[in-house]
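Accompanying notes for the structure given below.
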Amino acid sequence: MTKKQSITNWDNRLLGLTEYPIQTIFDIGANNGQSTKKLHQLFPNANIYAFEPVDTAFSKLKRFAEGSSKIKAYNLAVGDENTTVKFNKHPYFTLSSSVLKTTDSCA
């Protein structure tokens with residue numbers, strides 16, 4: 001799959017949002033920045049605020065964000081309360097990290 005095809009496939013999943021002048025995007029649980037990178041390609045003029053609580057994933061996200069004045073990366077989780085919680089980092093797959101405990105079937 002070419003880069004252009006990849007962007008087109010993403011655009012199809014965005015249901016026409018690329019037709020609007022999106023100026024602000026919040027990427028909650030940004031992980032290594034996979035979605036942030038694609039959203040930045042699709043909406044190059046938008047300010048992107050990317051949040052990732054897992055340190056190892058955040059370090060990759062931060063490196064990418066430092067290359068653009070439009071992307072701000074934050075090493076924290078986003079929720080409906082202003083509190084401190086224990087965050088469970090999945091040992092092999094950071095995308096599965098959560099405030100919820102890992103189940104036996106997930107391990």
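The values are calculated or read from the model by the stated rules, or taken from the named source; none is laboratory data. Since we're looking at a predicted model, the values are computed, not measured. Reconstructed Cβ throughout: ideal geometry from the backbone, glycine too, with neighbour counts over all protein chains shown.
A few notes on this one:
- When the stretch 3-32 is limited to residues that are within 30 Å of Lys89 (Cα to Cα) and at pLDDT 95 or above, the one that is surrounded by the most Cβ atoms within 10 Å (Cβ to Cβ) turns out to be Asp27.
- Qualifying residue in the stretch 46-58 (condition: of a type in the set (Ser, Thr, Tyr), outside any strand (DSSP E or B) and modelled with pLDDT under 90): yes
- When the stretch 44-69 is filtered for residues that are within 21 Å of Val99 (Cα to Cα), surrounded by fewer than 17 Cβ atoms within 10 Å (Cβ to Cβ) and small (Gly, Ala, Ser), only Ser59 remains.
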